[in-house]
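Colleague: My structure is below; once you've seen it, I'll send some questions.
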Amino acid sequence: MFKRCEKIWINANCATLDPNVDAPYGCLHDQAVGVRGGQIVAIASMSELDLNLSSETADLIDARGGWITPGLIDAHTHLVYAGNRAREFEQRLLGASYEEIARQGGGILSTVAATRNATVDQLVELSQPRLNALMAEGVTTVEIKSGYGLSVAAELNMLRAAKQLAEHNPVRVSATLLGAHALPPEFHDDADGYIDLVCNELIPAAASEALANAVDVFCENIAFSPAQCERVFRAARAHGLGIHAHAEQLSNLHGAELAASYGAWSADHLEWLDEAGVRAMAGQGTVATLLPGAFYFLRETRLPPIELLRKYQVPMAIATDLNPGSSPLASLQLMMNMACTLFRLTPEEALAGVTRHAARALGSAQSIGMLREGLEADMVLWDISHPAELASQFGVNPIRQRIVAGEITHV
Ligand code: NIG
Ligand code: FE
């Protein structure tokens, strides 16, 4: 089975995250992992590997008892933007709320002004350090949203920047069109008119240039109503795009239930989600993407309904929500830690949340998110003695190798 492998990692412990492997974390000890053509082609115990035969064709890489996990997947980011909102952080510490700042024209709209003024090349340059930070911690796939352009030209520029980042970095990018993020100033008092633009011009343009895999909406009192979001979902479906939703972050408008009814890949945030919403998500296989960084940074106190999500077996993904306003935190390892400390997930749930379930949240469960024969060879080799370390310890990055499509990349 290791015949014609190009590379074989030997003496590895594997946290496969494969539910077919009947052990916590899908653990397999003392393994060899063979890769060919960018894919995992063999995972077997060292005793099954004929080293003499394998070393003729393959590079042997000695993991020396380290742990291999699937590459980490950050399934919700807004990492392409210009400007920063550190001054709003100060305002909030002096008593202003996130909603108040948004209603006064700050918040998302202040990032929109800065982003509209940037060229595609400038956006790429400004975003590269944030992407670097994620990759350095083992991220091999990142979702990137638009949503700070809010015009056809500026939204497409954000997506072009995401595409350039994908072309120039060893990372997979899933691009999401978040046209319905906030109402741009020129549509003041005409949210329906702006949604017309999103549905009739923006979505078709992004789809025809193949710049987006999915759409997203911000379903909230300070953003768009369920009826407006539904129009976006219909347009997305008509163009064969996946669906995400920012839902139930600050109030309960039943946006997750609505998104699930359109077969959404994920509903995200969810602090205000109720049992009917959880049931709807379970019924449609919609992933709950939890964002502990935004919960922490906005000093929220209402927890997402973790027990209900467990009860109805809704898969939980964990992501950074990396953005300038509510989560300027470019660390998926920190999010794993916060998912445990703030949301009481187990370290195993946290690791599944940044691998298998995150893959599903991007509609990519068939190709990434686990160590399994036939999947892409996106992996991380860690110097740890147990996978729980990835969520418990923070600040000492234990990565040894980051592997994308079978290639060892510099970290
Ligand atoms: O996911 N909720 C809406 N959007 C972002 C915040 C964006 C911003 O404040 O710039 C979020 O939290
Ligand atoms: Fe977000």
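Colleague: Calculate, in nm to one decimal, what Arg299 and Thr57 gain on full extension: separation in residues at 0.36 nm each, minus their alpha carbon distance.
Modeller: Working: separation 242, 0.36 × 242 = 87.12 nm, distance 5.46 nm.
Roughly 81.7 nm would be gained on extension.
Colleague: While we're looking at this one, here's another question. As an exercise, take the mean of 1/r over every pair of distinct alpha carbons in the stretch 68-162, invert it, and state the Kirkwood radius in angstroms.
Modeller: Details: mean 1/r = 0.0691 Å⁻¹.
Final number for the Kirkwood radius of the stretch 68-162 is 14.5 Å.
Colleague: A further question on this structure: Looking at the stretch 6-98, which trypsin sites (Lys or Arg not before Pro) are DSSP coil and have at most 16 other C-beta atoms within 10 Å of their C-beta?
Modeller: Values: sites: Lys7, Arg36, Arg64, Arg85, Arg87, Arg92; in loops: Arg64, Arg85.
Within the stretch 6-98, the qualifying trypsin sites (Lys or Arg not before Pro) (loop, at most 16 other Cβ atoms within 10 Å) are Arg64.
Colleague: Among the helices of the chain (complete DSSP H runs), which have Cα atoms covering no less than 15 Å along the helix axis and a Kyte-Doolittle mean of at least -1.0?
Modeller: Working: long enough: 120-136 (23 Å, 0.28); 152-168 (24 Å, 0.05); 226-238 (18 Å, -0.42).
Within the chain the helices that satisfy the rule are 120-136, 152-168, 226-238.
Colleague: While we're looking at this one, here's another question. Whole number in Å², please: accessible area per residue of the stretch 272-337, 1.4 Å probe, ligands, DNA and RNA not counted. Working shown, then result.
Modeller: Numbers: 2300 Å² over 66 residues.
I get 35 Å² per residue for this part.
Colleague: Just the Cα atoms of the stretch 277-369: what Rg and Dmax do they give in Å?
Modeller: Final numbers for Rg and Dmax: 12.7, 36 Å.
Colleague: Okay, next question. Calculate, for the stretch 75-163, the solvent-accessible area per residue in square angstrom, rolling a 1.4 angstrom probe over the heavy atoms of the protein chains. Intermediate results must be reported in sequence, preceding the final value.
Modeller: Details: 3500 Å² over 89 residues.
On a per-residue basis, the stretch 75-163 sits at 39 Å².
Colleague: If you don't mind, there's one more thing I want to ask. Collect residues whose amide H, placed 1.01 Å from N in the peptide plane, falls under 5 Å from the amide H of Lys7; neighbours closer than 5 in sequence don't count.
Modeller: Residues meeting the amide H criterion: Val35, Asp59.
Colleague: To continue, here is another question. In the stretch 72-361, what percent of the accessible surface is made up of carbon and sulfur (1.4 Å probe, ligands and nucleic acids excluded)?
Modeller: Details: 5170 of 10330 Å².
Looking at the stretch 72-361 in its full context, I get 50 percent from C and S.
Colleague: Are there trypsin sites (Lys or Arg not before Pro) in the stretch 100-145 that DSSP marks as loop and that have at most 11 other Cβ atoms within 10 Å, and which are they? Mind showing how you got there, number by number?
Modeller: Details: sites: Arg103, Arg116, Arg130, Lys145; in loops: none.
Counting only loop positions with at most 11 other Cβ atoms within 10 Å, none of the trypsin sites (Lys or Arg not before Pro) in the stretch 100-145 qualifies.
Colleague: What is the percent of Cα-Cα separations in the chain that go past 29 Å?
Modeller: Working: 35406 of 84255 pairs.
So the pairs more than 29 Å apart make up 42 percent of the total in the chain.
Colleague: I would also like to ask the following. Grab the DSSP H runs of the chain that are 4 residues or longer, score each as -39,500 (n - 2.57), total them, divide by all residues and round the 222 nm result to the nearest 500 deg cm²/dmol.
Modeller: Numbers: 17 runs with 146 residues, N = 411.
That calculation yields -10000 deg cm²/dmol at 222 nm.
Colleague: Excluding Ala63 itself, calculate the net charge of residues whose Cβ lies under 11 Å from the Cβ of Ala63, where each Lys or Arg counts +1 and each Asp or Glu counts -1.
Modeller: Values: positive: Arg64, Arg400; negative: Asp30, Asp62, Asp383.
The answer is -1.
Colleague: At q = 0.31 Å⁻¹, what log₁₀ I(q)/I(0) does the stretch 19-59 have when each alpha carbon counts as one equal point scatterer in the Debye sum?
Modeller: -1.14
Colleague: Something else about it: Give the percent of DSSP beta bridges with both residues in the stretch 72-361 that are antiparallel, rounded to the nearest 5. Intermediate values should be presented prior to the final figure.
Modeller: Working: 1 of 28 bridges.
Roughly 5 percent of the beta bridges in the stretch 72-361 run antiparallel, per DSSP.
Colleague: Which distance in Å, rounded to a whole number, links the C-alpha centroids of the stretch 143-179 and the stretch 255-296?
Modeller: 23 Å
The values are calculated or read from the model by the stated rules, or taken from the named source; none is laboratory data. This structure is a prediction, so every number in the text was calculated from the model and none was measured. With ideal geometry, Cβ positions are generated from the backbone for all residues, glycine too; neighbour counts draw on all protein chains shown. Just the protein is used for accessible areas: all its heavy atoms, side chains included, with ligands, DNA and RNA removed. Shrake-Rupley method; radii C 1.70, N 1.55, O 1.52, S 1.80 Å.
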